Each structure stands twice: as structure tokens, then as C-alpha cells.
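Input: a single structure, listed below in C-alpha cells.
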């Protein structure tokens, strides 16, 4: 009886990844899109179980967020304007907008009065008279308290959400590495801040036929270095294709047949905020070039004593002859 | 003389867990409720030692929180209204609410003036005259500064509190696993956000008789995978019942007699905020089904190139024959 | 030539701890006070190198913080009041505080006008006329913008600062443990929130004579469990006194002569905020009881199905006979 | 066929560090400046790919930040003032600044009215009349909502950004260590707060000639202690120069020829905020003193029962004879 593989014992052990293994092979399928989003549709989450309001308000685009805030802002003020008007002609004292008698004049005065109240400006050239109008002002004042708190928190949270912007080479390559071959891709920080203590995990996903069933397998590929202390220039991530590698002896055609995809998760610490950031991408089999190597990304140092790097060259390749695949002795 | 077991040496070593070991067996007892809360009453914490005010203000329901804020808001304004009235008839200049002579008119004018001040609106149709009223305004203005700061901070902290919503299968099962059996349950992220780098720890708690005393023992169960990189679909957590397992050779009746409970702690990183989130649950012996397996949770992909999952099927089981329990050779 | 000890190879290796090793033995000395603060005076930090303003504003007591904010608030308003008065008699239009001619009337009107401006109330019964007064209002308005931002941020940061409140037993004990002795102390969460994934490190500090010099040595003591998943009840931290232990064969008198101190660092995750919290304490030789054990802390469960703990009993001991110290065979 | 070195197997393995290896040796070059910034110029990041606005607003100096806020503040108000003026003479009612007829009077009245509106003061001695002016007020009120949210968030984020201020000795030294030599430097926390769980990584960077190419190599140096629990006083970080060390048998001249640089990354937890902080520095070959040792940094304890340290002595050295370099037996 054998003990099942444990991740800390066998680093090549397949991992489930939350993608499940019963996924039929489908050469159109890609688990992770190039932008890092997941190609997954989840159903049956239930009504309240989906995105929390906070997640939604944080994740929507700035355009949607600003439109939403504006919409709520105007809806609240229009509602209160209607209620001030409903309090009767004597509830608000002050000059009309269009002159007495204009059909919109009362509503607009009430609307702008509400804006002044909700925005805590309170010029006072229009003022609330009597109990009803004052009660409305009180309610509006409380709503402002919560509304400003929420808006301040949300604008700040959206702005300060920790994100990384990592540039990945368009292609992964199989390139000469020492006296064998290696599976490689190149990445760099596309922002001017510093990332520290950056680690990368690469998962090799492919469809295998087992007992007549096509099942998707996941394997963590051992890397030359899984972690770098600084991430100032570019990092060429290398999986050496040793005899232990699941890629050993494979050709490009094998990868196509297996519907191979290489999933990449990069994590690091943003020095500016000391926060952990993540980035993911994937390489599908048709994005892998066999027999190439990366061109240098370093350029003439712009001034003495500095190192120069041109990030726009991160994708540049040149042909390279692979060493003959050795067999296991 | 033997060295005592160290957790990093013997992963099966019992852990105290902060639950203590002197707990008498009690088949009604459950250490962790299904919703993740703990079945523990702590006494003798002392007056100031219990929940900090911040914890309390963050943990209460939104309903309680809003009622509390409203209550404090109106109490402060009523108090100040009384003080403005106490300053005498000339302290506030401006139109009365109900007309001169109404018994509530002075108080209400002062109350709404306080609202305008506390809310920093300040229309000015009522204004403070003389030293006393102005000093009150000054005090109210300082209280506003702290009050707005606190409310803004609390509303935001309540909203942004990192939480996970994990769906767990109703039952844990003992199912066929490779050529042996395994203790399994299924979990998935019930929100639309992404969780990364998710790890699970399962603790097997049961009452054992030792030197005539019934003591509660805790053992960390080794898992097929203790960590997954992505948590996009469902994850079936498996403890293989090898000869080393404390479950090896046990039957359902043994679990009942031992008052067994399986405690689950799941941790992961919320991709949206790059924050660590936690979730816990437990399986009591009567929630474990012997000889079953989980039905697939995957559904027809709604469109080509995506994977479909129906979370409402996470609990679905079908019967499965267990392999005969092997004996240690 | 031997390789120097590495922490991950020899867990008993002495660590410098940032306390240095050249500290003369001094039986009055205690490195960490019972409340977790450090008994260290640092000089020569330079002017700007000491506490950052933010650290100071966060670490001061609430009393000091509120007094500071009030002081700054009144100072700013008094300064602006003086400047408004300096603009001449026509700069502010509106009713005086004490009537025309009173020596303080102009200053007080200006002061309360400044309060209305700084607090963004702006009743308008006093209003700025002419360029100078309006420029002052503009400046005050900008200061308010920064001031409110700072106060809001600081009040919130002070409130939400992650802290743990851990109760430690008054005494550490040397108690029977399995068939040997163990160095033990007991700790529990003194708040009603949950701490997860709690780990403890214990350092044994003592003065040793080496080459005629008395130097302070630090050793990390291996523990029965260095980490618990849940910290719901109490945790008795145990260092088993095996032949490998630096405590092996020692008596109480040895500890006194060595000026022993046991430093404790506890870390865990606060479930409410998913934040890491820390707590430290220490046990000096005169706080260690030889031949005792902790009384149970569990009480009758207040209702069926729950566990009861009485934290006030965390310090309670009873006598216990230690097994005879075995010699290394 | 050999398996490539894995970091967890061979701690001396060279790491790419994101600095690349194709960098030509250049004795003027320094990868990390003494203040911890990197000597790297990155090009080709693309327009939107450089610093995110948030990073920029957080990283700029306070002087630049305040000037930027003031500039935006005045620009917005000047723009709105021009728009109010464009609404015609009847749009704003209230006393002029310089008297009727002065060319700037209308603009200034509109400007100060805008300040009152944007700052939510709203005295009301100037008030908006008609639709156009009220619409402008509404827009300004919405901008205020976002502006205050942003400013509050940014001021707070700038203030609370987790940073460490670590003092490093000016020189690294090669000093006697036990019966061999060690590469050492000294560091201490230059703030009055506490740092916990501090770890240090030291990378030895040098140019080596391989296959006729000069390539830069990076090696992680094993340290006496890589982590200390407390960082209360000073910490002398030591790399013992054992026969396994890449420094074994090297002289000062070798370091110069190799253009050696020692990169230091220190990480720890700020106790006040329970946040991780980082600090980096480097030692170039001309900052390394051979045959020296650090003078004690401890001073007479200012009062009984405390430890005294004088941080200004952190750089002080005295001569020390190195033991003869042993050869590998």
C-alpha cells in the first residue's frame, strides 16, 4: 500500500487547482485569458451569494462608478425636492428660480435647496420653515453623513487597491539551457515602482487519457528559481526540462494533442505600500516557440553608473538550436 | 528518553487547538457550528477585557449599527437643543417653527438649528447670538469633527472587512480514492471574486479514554493537497485513509462512540483586495456518509471556450462501493 | 573547520535578538516588562530619526490625542480671529457678541466666525467683506481640507490599529510532562473575538561566563506545539525539558545565578479583520515555580452543548511532584 | 545528466534577482544606492504603463503634494468663477468685493463664492440666482464630494504608508568570527517604535568571466542568523567565511577586480501597525574594511534596570587581526 503523494514530498504532484479534473479536452478552451481573468462561468450561487456589494463597487470601472454615484446623488436630491414641494408653498422661503408661476420653479428651487443641504453648503437664501421641511432637512443631513462616509471610503479603496502590472513576453519558448533545454518565458514590472520578494508558480495543464476517460491533469513545474529578492529588471523564468520533467521527450505536436496550457501565478510585495500583489497569465500551446531564445533587453546605460533596460523588447526572440534530447540512462 | 513529537516532524501529532483536552465527551457537543462560529462561552474576562469598542462596532449587524448612529445623532442634537434653549430667548435669532408661544417652538427651533450646525449646513436663517450660543456652536463643531471622522472610518471598515463566503457540501463522505478509501468534503467559493493560494487544514477531534479519563484528542489529518493555487471551481478536499491515518480501520459506529468532529479551517487570498480571508466549518459524525461519492458539479459550458459549474450541485451524492479495508502488511 | 550553526539546522542555536550579547548580568534587569514594553533606552537617534509624527500621533493616549487636536483647533481659530480683526472694522459684517464698544467683542466675533468657517458651517449672519477677509477665508478653507483629512485618518487609524489582548499566567512553571518535566505557561485570548493560526516563540535569555567575560546568551526553546489553528480557549505552552534542552539538569538556583529571563512572542490572525497581531511578555527567574501544575480552567458549561471557560482562573496552580531528572545515557 | 540547482537545496545558488546577468562589469556601477533606491533606468514602459496615478501621488514629496493640491484647488475655483461671471450680472446676488465698476470685482466675488461653495461653507451673503448659477453650484457640489474623498484618502495613505528607517553602519567589515573570519555589517532601528521578526538577506554580486563573456553573478550568502525575533538594539549581521563561502580565500583586490557589491534586503513587522516593512542598502567593494571589528554600541544604562544604546556609535570600528585563512583539508 503506497502513501499518496504529498505536495511537500513530490513537487511534481498534480494539483486540482479548483479547476476540477473532469473537464473534457477542448482545443478552443483556455483556462486563464491573457489578461489574467478566468474562463469560468459559475451558476447556482444563489441570490445573495454572488458578488458582495463592496466587491462590485470596487471592481466596476471608474466610468460606471462615477455614473452610479451621480445617479444616486441626483435621485436622492430629486426625491427630496419632490418631498419639499409636497410640504406646501410656505415650506421653503427664498427667491424662485424662474419667477413665481413658472411650473418648474417650485421644484427647481426645492431641488437646488436639497443640493445645498445634501452638500452641507447651506447658503441660506432659501431656508426651511415649519416642522415638515425641517424634519426633511434632518433626514437629509443623516443621509449625507452616511453617504459621504461611503463615498470617501469607496473612492479611496478603489484608488488604493493593490495591483501589479506585469509585462509577460507574448511567447513562451523552449530554449537551450545549460546543456539541456528549458521551458522559458520572460516577465518584468511594467510600473516604475519596486516589487520585492517576487515568486512565480507555473502549472502545466493538459488532457490525458486514463481508463478511457479524458481528464485534465495539473502539474507544478519546478523552476530554476522560484523566488527573486528584487524584480528591478526582467526575469527569465526557466523550467529545466530534465528527465524528471513532464515535458521531457515531448514535441510541439504532443502539446497540441494534449491541449496543453501553462498557467502562471506571480506574487510579490509592492515596496510603496508593503502590500502583496498578484498577477496571473497563461501560455497556450500555440503560443510556445520551439528552438528560440530571448534577445537581450538591456540597452546602453543612459548615463554612467546606471543600468538601462528597454521593456518594449521583452517579446523579442531569435532562433536557437536546441541540444539533442538525452534519454534517461 | 525520547524527544517529544514536533509538529514539523510528525504531521499527525495531536494539537491542543486552544480547545483544551480535559473536555468531557458529550455527543450533543459541537466545537464549531456549521456557520463557523465557536460553541464556547468565556467567563472571567474582566470588565474592560471583553470586546474592544472597535470590535463591537465592526461586528454588530448593519441594522444595529445604523440604529446606534441614529440614536447617538439625535441624542447629541436634543442635548444641544436643550442647552441652546437654556441660553435664554435671545440666544437664537430666526423664525420660530410653530409661531411664537407654542410650547415646543423654542425647543424645535433649537433642535433644527443644532442639526444644521452638527451637519455643517448652516443656512443662517437661524443664527447664534451672544457668547453662550457661540460657545455651544464651537463645541458642537469640534464634536462634528470627531464624529464624522469616526463614522466615516467605521462605515468604511465595516464595508471593507475582508470576508470569504465558502460553500461547503452538507456532508463529508468516506469515498473510494485510488485503490483505498478517503475522507472527503467539497467546497467552492460562493462569490464571484477570485481566491488565490487557498489552503485547508482538517482536524480530527474525538474523545479517547486514557488512564481512565476521557480526554479530547486533536489530530491534523494529512491531505491529498493542502494548498491549491487557484480556487476557481470546486475543490474536493481528500484525506487518504492510509494505514497511518487515525481513521484507518474505523467504522461509522467508532466515530459515534468517539464523538468525532472534523474541524475545517480554510484560508486564501482575496484577489480583489490582496487580503487574506478565513473560513471555518465542521463535520460532526452524523454528517458523514460512508460509501458515497460526489456527483460532478460541471455543466455544459454556456458558450464555447468557457467552463461551466453549477454551485447548487455541490451537495449532490451518489452511492459508491468502498474497497475492502486493507490491513497493514 | 566546522560550519557555523544555522537556525534551520540547529533550532537551539543562540540568536542575537537585537539585544546584543555584551550586556553585563544584572539581576535587576528585565529585557521585556510584563506589559510587553521593552526595557531599553536608545540614544543618538538624531533629530529627525526618532518617532515619525505618524507613529507618535497613533501611539499617544486618547486623552493626549484629543487634547492635542483641541489645542491645534483653538490655536488655528484664535490666529485667524486675530487676522480678521487686523483686517479692520469693515472686514466682517454682522452682529457683535457683546455689543459695540466691548473690548473683546470684535475678537470674539472674529473667533466664532472663524469657527463657522473652519467647521464649514457658514451661517452667514457674519460674513466677510473686501479682499483681505475673503483671502483669509480661502486660506482657512484649504487648511480645513487638510485638517479634516488628517483628523479623519488619524481617528480611524487609532481606532482600527490591530492589537491583541492576551492573558498570560502570572507564573511560568516547571511541571511534570509525560514522563519528564516541562517548562510551561498558560495563555488565552482576553477578548471575545477569535484568533486563528496562533504561534508562539519562547527565548531563553541568560548570562554565561565565556573567556572570562559575562555575556548574555539567547536560545530559542523548542515547544511541544509552536502553532495552534484555533485559540478559542486556553493554551498551555510547553517546552519539554529533554536532554537536548538548555534547561536540562538545571535547578531554580541555576536560573537565579544566570539571571534567566524567558521572552515570549505570540502572533496570530485576528479573525474580525484578518490582520496579524502580536503580543509579547517575559518571565523572570523569580516568576517561575518549580513543581506545580495548572488547575483546570474549564467550568460547567453554562448550557448544554457549549464549553465553558473561566479566564480568571488562568493563574491558578496546584503542587505537583516532578519526575526525577534522568541523566543522558 | 544533473538536476539544476534548486534554491531550497543549494542555498548558495546564484539568483537572477531581476538584475539580469549580461551586465558588463563597470567599477562605477552600483546596483543599489546607499539610500536604498535602485540604479536602474527602465524604458519602453509605454504611456499608461508607468507609475499609476496613485503611486505617483503617494510617492511624491509632501511639498510637491501640497503644491499640487493647492494648484488644483485654485484652478477649479478660478474656472468656476469664470463660469459664474459668464452667467451674467444677475447670477450672483451679494455685496461686491471692490465696489461696483471695478474690473476685477465681479470675478473676485465669483471666485470667493466658489471657494465658499467648494469648501461647503456657504455663508449666503452671496447667493446663486437663476438656473445657470444653481446648476453650476450643483456640479461644484459633486466635485467637492469626490475631491474631499480623494484628498482625505491620499493624505491618510501618505501619512500611514508603512516605512522603516534602518541605520546601517557606513562600512561592512571582514572581522574575526569564532576561529575564522566573517563578513559583517551592523544595523539598528533608527525609530523609537519596535520592529519584530526581522529577517535579512545578503546577496553577493560580482562580475565573473565565463566562456570569455563577463557576466554578473548573484549569490545568496548564508548568515549566522537570518532572522531575529526582536530588533530592539543593534544587530551585527554575520556571513561566516567558511570553505563553502564564495568569499573564501578572497582578498580585497579580488573584490575590486570582480566589481563586488553586497546587496542587503531587510524585512520586519512594525509593531505599531502590524505591517511588514522593508529596507534595502548595499556595500560596494570600497566600503569594506578588512581586519576591523565594531566597537560596542552599548552605554551606561541611564537608570538601573534598563539597557542603554547609543545609535550614533553604529559606525565605529577598531582594528582587529584576522585569523590566517585556512585551506580546505
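The values are calculated or read from the model by the stated rules, or taken from the named source; none is laboratory data. These figures come from a predicted structure and were not determined experimentally. Don't worry about glycine lacking a Cβ; one is built from the backbone with ideal geometry, like all the others, and counts go over all protein chains shown.
Going residue by residue through segment C:199-211, is there one that turns out to be more than 13 Å from chain D (Cβ to nearest Cβ), assigned to a loop (DSSP other than H, G, I, E, B) and surrounded by fewer than 19 Cβ atoms within 10 Å (Cβ to Cβ)? Looking through segment C:199-211, none of the residues is more than 13 Å from chain D (Cβ to nearest Cβ), assigned to a loop (DSSP other than H, G, I, E, B) and surrounded by fewer than 19 Cβ atoms within 10 Å (Cβ to Cβ). Taking segment C:270-288 as the range and being over 15 Å from residue C:231 (Cα atoms) and either under 13 Å from the mean Cα position of the chain (by Cα) or more than 10 Å from chain B (Cβ to nearest Cβ) (or both) as the test, the residues that pass are C:280, C:281, C:282, C:283, C:284, C:285, C:286, C:287, C:288. Scanning segment D:281-303 for residues that are at pLDDT 90 or above and part of a strand (DSSP E or B) turns up D:281, D:282, D:283, D:284, D:288, D:289, D:290, D:292, D:293, D:294.
In the set (1) under 30 Å from residue C:193 (Cα atoms); (2) within 14 Å of chain C (Cβ to nearest Cβ); (3) touching a helix residue (DSSP H, G or I) at 6+ places or on another chain (Cβ under 9 Å), the condition left unmet by residue B:55 is number (3). Selection of segment D:85-115 for residues being in contact with a strand residue (DSSP E or B) (Cβ under 9 Å, 6 or more places away or on another chain) and under 28 Å from residue C:148 (Cα atoms) yields D:109, D:110, D:112, D:113. Filtering segment B:122-130 for residues that are more than 32 Å from the chain's Cα centre (by Cα), farther than 30 Å from residue A:154 by Cα and part of a helix (DSSP H, G or I) leaves a non-empty set.
Of everything in segment D:149-165, what is touching a helix residue (DSSP H, G or I) at 6+ places or on another chain (Cβ under 9 Å) and more than 7 Å from every other protein chain (Cβ to nearest Cβ)? Give them in sequence order. Selection gives D:154, D:158.
Applying the criterion of being surrounded by fewer than 20 Cβ atoms within 10 Å (Cβ to Cβ) and not in a strand (DSSP E or B) to the residues of segment A:163-189, the residue that is farthest from the chain's Cα centre (by Cα) is A:179. Can we say residue B:90 is loosely packed, with under 13 Cβ neighbours inside 10 Å and closer than 27 Å to residue D:127 by Cβ? Criteria met by residue B:90. Total residues in segment B:214-244 satisfying the condition of being free of Cβ contacts under 8 Å to residues at least 60 places away in the same chain and either farther than 30 Å from residue A:38 by Cβ or in a strand (DSSP E or B) (or both): the figure is 8.
Yes or no, residue by residue, for (1) part of a helix (DSSP H, G or I); (2) within 25 Å of residue D:71 (Cβ to Cβ); (3) in contact (Cβ under 8 Å) with a residue 24 or more places away in the chain:
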position: C:109; (1), (2), (3): yes, no, no
position: C:113; (1), (2), (3): yes, no, yes
position: C:134; (1), (2), (3): yes, yes, no
position: C:138; (1), (2), (3): yes, yes, no
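When C:76, C:66 are screened for being surrounded by 16 or more Cβ atoms within 10 Å (Cβ to Cβ), modelled with pLDDT of 90 or more and over 16 Å from the mean Cα position of the chain (by Cα), only C:76 passes. Does segment D:144-162 contain any residue that is under 43 Å from the mean Cα position of the chain (by Cα), modelled with pLDDT under 90 and within 30 Å of residue D:286 (Cβ to Cβ)? No, the conditions are met nowhere in segment D:144-162. For segment C:241-265, the set of residues classified as away from chain D (no Cβ under 14 Å) and at positive phi consists of C:249 only. Whether a residue is more than 8 Å from chain B (Cβ to nearest Cβ) and touching a strand residue (DSSP E or B) at 6+ places or on another chain (Cβ under 9 Å) was assessed, and residue A:168 passes this test. Does residue B:267 qualify as being in contact (Cβ under 8 Å) with a residue 40 or more places away in the chain and either crowded, with 20+ Cβ neighbours inside 10 Å or under 27 Å from the mean Cα position of the chain (by Cα) (or both)? So residue B:267 passes the test.
Among residues of segment D:20-41 being within 7 Å of another protein chain (Cβ to nearest Cβ) and modelled with pLDDT under 70, the one that is nearest to residue A:237 (Cα to Cα) is D:20.
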